[in-house]
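Below is one structure, written out as structure tokens, with a few remarks after it.
The values are calculated or read from the model by the stated rules, or taken from the named source; none is laboratory data. These numbers were taken from a predicted model, which means no experiment stands behind them. Here Cβ is always computed from backbone atoms with ideal geometry, including for glycine, and neighbour counts include all displayed protein chains.
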Amino acid sequence: MGWSMGGGATWINSAEYPGLKTAMSLAGHNLTAININSKGFGTQCPTIIFCGALDTTYLGGMLQSETVYYNIPSGVPKVYYEVGTAGHFVWGGPTDANDHVAELALAFQKTFLDGDSRWEQYIEEPLFDFLSTFRSRNINN
């Protein structure tokens, strides 16, 4: 898991370390990275990406997270959640951006890190969150 530039490192590690079970980024940054794996192309493990719609900074905005989501190879479980009311600096606690971040992160990690399929049903678009964007692929719920 990583925030900002650490989110970019998370994307690199998800491609270069096949033993990883999951990857999670918070407002990830990859514009200054020279490693092609920072773009998501080589991702090998289930990945959940969080970012904020109000993050217009070079640090994590400018569609960096969304682009990585689309570059992750087909067949790899992935989730993209852009919080409509969040910027770059609201990721210090599990509910700082909104309550759904903690819910999705927990369900994702329990499903893919712990292998507990009972949690899979909770990896879904949050109800009544009309300002945010949710996408997922290869989640069996």
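Observations
- Any hit, region 27-38, residues being loosely packed, with under 15 Cβ neighbours inside 10 Å and either within 25 Å of residue 140 (Cα to Cα) or not aliphatic (A, V, I, L, M) (or both): yes
- Within region 104-141, the set of residues being among the hydroxyl-bearing types (Ser, Thr, Tyr) and under 21 Å from residue 68 (Cα atoms) comprises 132, 133, 136.
- Considering residues of region 62-76 that are of a type outside the set (A, V, I, L, M), touching a residue at least 40 places away in the same chain (Cβ under 8 Å) and within 13 Å of residue 42 (Cα to Cα) only, the residue surrounded by the most Cβ atoms within 10 Å (Cβ to Cβ): 69
- Members of region 102-131 found to be farther than 24 Å from residue 73 by Cβ and either out of contact with any Asp or Glu (no Cβ under 9 Å at 6 or more places or on another chain) or at pLDDT 95 or above (or both), listed by number: 102, 103, 106, 116, 118, 121, 122, 127, 128, 129, 130, 131
- Filter result for residue 29 (more than 19 Å from residue 135 (Cβ to Cβ), in contact (Cβ under 8 Å) with a residue 40 or more places away in the chain and in a loop (DSSP other than H, G, I, E, B)): no
- The single condition among (1) surrounded by fewer than 19 Cβ atoms within 10 Å (Cβ to Cβ); (2) of a type in the set (A, V, I, L, M, F, W, C); (3) farther than 18 Å from residue 139 by Cα; (4) over 13 Å from the mean Cα position of the chain (by Cα) that residue 59 does not satisfy is (1).
- Counting only residues that are in contact with a helix residue (DSSP H, G or I) (Cβ under 7 Å, 6 or more places away or on another chain) and assigned to a loop (DSSP other than H, G, I, E, B), region 1-26 holds 4 of them.
- Within region 106-141, the residues that satisfy the criterion of being over 26 Å from residue 55 (Cβ atoms), surrounded by fewer than 17 Cβ atoms within 10 Å (Cβ to Cβ) and of a type in the set (Asp, Glu) are 114, 116.
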